Amino acid sequence: MSTMTSHGNVGTSWTARRFFDALAALGPLRVISQSGPSTFEAICEVGAFGIAQGYVNAITASYHWHLKLDGFRHLRSRDEIHQRSGRRVLFFELRTEEDAAPFLLVYLHREKGEELAPGREGLFAELHQELAAGLPVEEVG
(Lines give C-alpha, C1' and ligand atoms only; values in the text may rest on other atoms or scores of the structure.)
Protein backbone atom coordinates (compact mmCIF):
# COMPACT_ATOMS: atom_id res chain seq x y z
CA MET A 1 0.00 0.00 0.00
CA SER A 2 1.44 3.39 -0.96
CA THR A 3 1.26 6.53 1.13
CA MET A 4 0.04 9.88 -0.19
CA THR A 5 2.28 12.92 0.27
CA SER A 6 2.35 16.40 -1.17
CA HIS A 7 4.15 15.13 -4.29
CA GLY A 8 2.09 12.05 -5.08
CA ASN A 9 2.20 8.37 -4.28
CA VAL A 10 5.32 7.19 -2.52
CA GLY A 11 6.43 3.89 -3.97
CA THR A 12 4.81 4.44 -7.35
CA SER A 13 6.93 4.57 -10.46
CA TRP A 14 8.56 7.75 -11.66
CA THR A 15 7.31 9.37 -14.84
CA ALA A 16 8.01 12.73 -16.43
CA ARG A 17 4.54 13.85 -15.27
CA ARG A 18 5.29 12.96 -11.66
CA PHE A 19 8.66 14.72 -11.84
CA PHE A 20 7.25 17.92 -13.36
CA ASP A 21 4.43 17.94 -10.80
CA ALA A 22 7.14 17.86 -8.10
CA LEU A 23 9.14 20.61 -9.83
CA ALA A 24 6.08 22.87 -9.84
CA ALA A 25 6.04 22.68 -6.03
CA LEU A 26 9.80 23.19 -5.62
CA GLY A 27 10.37 26.48 -7.47
CA PRO A 28 12.16 28.66 -8.04
CA LEU A 29 14.59 26.41 -9.88
CA ARG A 30 17.96 26.85 -11.55
CA VAL A 31 18.06 24.66 -14.65
CA ILE A 32 21.55 23.94 -16.01
CA SER A 33 22.24 22.42 -19.41
CA GLN A 34 25.72 21.58 -20.66
CA SER A 35 26.24 21.31 -24.41
CA GLY A 36 29.84 20.93 -25.53
CA PRO A 37 31.79 23.98 -24.35
CA SER A 38 28.62 25.91 -23.44
CA THR A 39 26.71 25.99 -20.17
CA PHE A 40 23.19 27.42 -20.14
CA GLU A 41 21.51 28.38 -16.85
CA ALA A 42 18.03 29.76 -16.28
CA ILE A 43 16.04 30.58 -13.17
CA CYS A 44 12.43 29.57 -13.62
CA GLU A 45 9.21 28.37 -12.05
CA VAL A 46 7.53 25.35 -13.62
CA GLY A 47 3.80 25.88 -13.84
CA ALA A 48 1.34 24.28 -16.17
CA PHE A 49 2.79 21.76 -18.59
CA GLY A 50 1.48 19.28 -21.09
CA ILE A 51 2.55 15.96 -22.52
CA ALA A 52 1.94 15.37 -26.20
CA GLN A 53 3.54 13.53 -29.11
CA GLY A 54 6.33 12.12 -26.95
CA TYR A 55 7.36 15.39 -25.26
CA VAL A 56 6.83 17.22 -22.00
CA ASN A 57 6.09 20.82 -22.96
CA ALA A 58 6.57 23.35 -20.17
CA ILE A 59 6.32 27.01 -21.06
CA THR A 60 7.99 29.16 -18.38
CA ALA A 61 8.49 32.91 -18.23
CA SER A 62 12.19 32.25 -18.87
CA TYR A 63 12.06 29.80 -21.75
CA HIS A 64 10.17 26.99 -23.46
CA TRP A 65 11.18 23.54 -22.22
CA HIS A 66 10.53 20.56 -24.50
CA LEU A 67 11.77 17.29 -23.03
CA LYS A 68 11.64 14.15 -25.17
CA LEU A 69 10.12 11.37 -23.06
CA ASP A 70 12.17 8.53 -24.53
CA GLY A 71 15.37 10.46 -23.74
CA PHE A 72 14.55 11.00 -20.06
CA ARG A 73 15.04 7.50 -18.66
CA HIS A 74 16.80 7.98 -15.31
CA LEU A 75 16.44 10.41 -12.40
CA ARG A 76 18.61 10.94 -9.34
CA SER A 77 18.51 13.49 -6.53
CA ARG A 78 21.58 14.94 -4.82
CA ASP A 79 22.11 16.72 -1.50
CA GLU A 80 25.69 17.93 -1.23
CA ILE A 81 28.03 20.83 -0.54
CA HIS A 82 28.90 22.91 -3.59
CA GLN A 83 32.68 22.99 -4.02
CA ARG A 84 33.01 26.60 -5.13
CA SER A 85 30.49 28.29 -2.80
CA GLY A 86 30.60 25.93 0.18
CA ARG A 87 26.80 26.06 0.36
CA ARG A 88 24.48 23.08 0.58
CA VAL A 89 22.77 22.40 -2.75
CA LEU A 90 19.76 20.23 -3.53
CA PHE A 91 19.28 19.13 -7.12
CA PHE A 92 18.19 16.50 -9.61
CA GLU A 93 20.19 14.85 -12.37
CA LEU A 94 18.29 13.86 -15.52
CA ARG A 95 19.92 11.15 -17.63
CA THR A 96 19.23 9.23 -20.81
CA GLU A 97 20.20 6.03 -18.96
CA GLU A 98 21.62 5.13 -15.56
CA ASP A 99 25.28 5.06 -16.64
CA ALA A 100 25.11 8.17 -18.86
CA ALA A 101 26.32 11.59 -17.80
CA PRO A 102 23.47 13.92 -16.76
CA PHE A 103 22.11 15.98 -19.62
CA LEU A 104 20.34 18.39 -17.29
CA LEU A 105 20.68 19.50 -13.67
CA VAL A 106 17.74 21.08 -11.83
CA TYR A 107 18.66 22.88 -8.60
CA LEU A 108 16.40 24.36 -5.96
CA HIS A 109 17.34 28.00 -6.43
CA ARG A 110 17.82 30.57 -3.69
CA GLU A 111 19.42 33.98 -3.75
CA LYS A 112 22.94 34.43 -2.44
CA GLY A 113 22.96 34.40 1.36
CA GLU A 114 19.41 33.01 1.63
CA GLU A 115 18.46 29.68 3.14
CA LEU A 116 16.01 27.23 1.62
CA ALA A 117 12.44 27.62 2.89
CA PRO A 118 11.58 24.73 5.23
CA GLY A 119 8.63 23.60 3.05
CA ARG A 120 10.76 23.32 -0.07
CA GLU A 121 13.55 21.60 1.82
CA GLY A 122 11.06 19.15 3.39
CA LEU A 123 9.50 18.28 0.04
CA PHE A 124 12.92 17.72 -1.49
CA ALA A 125 13.84 15.48 1.49
CA GLU A 126 10.75 13.32 0.80
CA LEU A 127 11.71 12.98 -2.87
CA HIS A 128 15.36 12.38 -1.98
CA GLN A 129 14.37 9.33 0.11
CA GLU A 130 13.23 7.70 -3.14
CA LEU A 131 15.68 9.21 -5.60
CA ALA A 132 19.07 9.39 -3.83
CA ALA A 133 20.28 6.15 -5.42
CA GLY A 134 18.60 6.96 -8.73
CA LEU A 135 15.60 5.32 -10.36
CA PRO A 136 14.40 4.61 -13.87
CA VAL A 137 11.82 6.92 -15.40
CA GLU A 138 8.98 5.32 -17.32
CA GLU A 139 8.38 6.73 -20.78
CA VAL A 140 4.66 7.17 -20.27
CA GLY A 141 3.54 10.66 -19.28
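The values are calculated or read from the model by the stated rules, or taken from the named source; none is laboratory data. These numbers were taken from a predicted model, which means no experiment stands behind them. When we count neighbours, we look across all protein chains shown, and the Cβ atoms used for this are built from the backbone with ideal geometry, even at glycine.
Within the range 111-126, not a single residue is touching a Leu at 6+ places or on another chain (Cβ under 7 Å), over 15 Å from Asp21 (Cα atoms) and part of a strand (DSSP E or B). Being on the phi < 0 side of the Ramachandran plot, surrounded by 15 or more Cβ atoms within 10 Å (Cβ to Cβ) and at pLDDT below 95 is a property that does not hold for Leu135. Only residues that are part of a strand (DSSP E or B), surrounded by fewer than 13 Cβ atoms within 10 Å (Cβ to Cβ) and polar (S, T, N, Q) were counted across the range 23-58, and they come to 3.
Scan the range 78-87 and tell me whether some residue there is in a loop (DSSP other than H, G, I, E, B), within 15 Å of the chain's Cα centre (by Cα) and surrounded by 11 or more Cβ atoms within 10 Å (Cβ to Cβ). Within the range 78-87, not a single residue is in a loop (DSSP other than H, G, I, E, B), within 15 Å of the chain's Cα centre (by Cα) and surrounded by 11 or more Cβ atoms within 10 Å (Cβ to Cβ).
Looking across Ser35, Ser77, one residue alone is modelled with pLDDT under 95 and of a type in the set (S, T, N, Q). It is Ser35.
When we screen Val106, Val140 for residues that are surrounded by 12 or more Cβ atoms within 10 Å (Cβ to Cβ) and closer than 23 Å to Phe49 by Cα, the only hit is Val106.
Annotation: of all residues in the range 61-77 being among the small types (Gly, Ala, Ser), surrounded by 10 or more Cβ atoms within 10 Å (Cβ to Cβ) and free of Cβ contacts under 8 Å to residues at least 40 places away in the same chain, the one that is nearest to Val31 (Cα to Cα) is Ser62. Applying the condition of being over 12 Å from the mean Cα position of the chain (by Cα) and among the β-branched types (Val, Ile, Thr) to the range 88-134 and asking which residue is farthest from Arg30 (Cα to Cα) yields Thr96.
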